[in-house]
1. Quick one: Ser91 ticks every box in (1) within 30 Å of Lys36 (Cα to Cα); (2) of a type outside the set (A, V, I, L, M); (3) assigned to a helix (DSSP H, G or I) except a single one, so which number is it?
2. What are the residue pairs meeting all of these: first residue in segment 42-69, first residue in contact (Cβ under 8 Å) with a residue 40 or more places away in the chain and within 18 Å of Ser25 (Cβ to Cβ), second residue of a type in the set (A, V, I, L, M, F, W, C) and surrounded by 13 or more Cβ atoms within 10 Å (Cβ to Cβ), Cβ atoms under 6 Å, and 6 or more apart or on different chains?
3. Which of the residues spanning segment 55-80 are of a type in the set (A, V, I, L, M, F, W, C) and over 29 Å from Gln19 (Cβ atoms)?
4. Among the residues of segment 30-54 satisfying the criterion of being part of a helix (DSSP H, G or I) and among the aliphatic types (A, V, I, L, M), which is farthest from Asp17 (Cα to Cα)?
5. Tally time: how many residues in segment 42-66 are more than 24 Å from Tyr7 (Cα to Cα) and surrounded by fewer than 10 Cβ atoms within 10 Å (Cβ to Cβ)?
6. Quick one: what pairs do we get from segment 28-41, first residue surrounded by 11 or more Cβ atoms within 10 Å (Cβ to Cβ), second among the hydrophobic types (A, V, I, L, M, F, W, C), C-beta under 7 Å, 6+ apart or different chains?
7. For segment 1-29, how many residues are part of a loop (DSSP other than H, G, I, E, B) and among the basic types (Lys, Arg)?
Amino acid sequence: DYALPAYFDRRENPLPDVQFVTELSAAQKSLKEKEKGSWATLSNEEKIALYRISFKQSFAEMNEGTKEWKSVIAGMFFFIGMTGLVVLWQSKFVYGPV
């Protein structure tokens with residue numbers, strides 16, 4: 001539904017307006033009920049599961065770098081190589097011996 005706010009992970013807004021998981025499973029519902037009690041009784045796995053209900057990524061995962069630089073460098077090398085081939089072709093067939 002477009003009338004509801006959308007979930008997104010951004011470093012500029014670390015607390016989105018809505019939770020990541022909107023429809024809870026039975027296990028998640030029981031975990032949410034357990035959340036209302038003492039957090040000392042929750043295991044680390046349960047705390048992480050509760051976190052993942054609210055957020056898709058942690059702040060560290062949001063700050064993690066991408067591998068996009070590899071495709072940028074590959075594109076640069078491709079165009080430099082194509083330019084070199086055009087220059088070689090021109091020096092042989094267009095300009096001739098200089």
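Values in this text are rule-based calculations from the coordinates and carry no lab data. The structure presented is a predicted model; accordingly, all values stated were derived computationally and were not measured. Note that we place each Cβ from the backbone using ideal geometry, even for glycine, and neighbour counts take in every protein chain shown.
1. Result: Ser91 passes all but (1).
2. Phe55/Phe20; Lys56/Phe20
3. Matches in segment 55-80: Trp69, Val72, Ile73, Ala74, Met76, Phe77, Phe78, Phe79, Ile80.
4. Among them, the one singled out is Ala40.
5. Counting residues in segment 42-66 that are more than 24 Å from Tyr7 (Cα to Cα) and surrounded by fewer than 10 Cβ atoms within 10 Å (Cβ to Cβ) gives 2.
6. Gln28/Val21; Gln28/Ile53; Leu31/Ala49; Leu31/Leu50; Lys32/Leu24; Lys34/Leu42; Glu35/Leu50
7. So the count comes out to 2.
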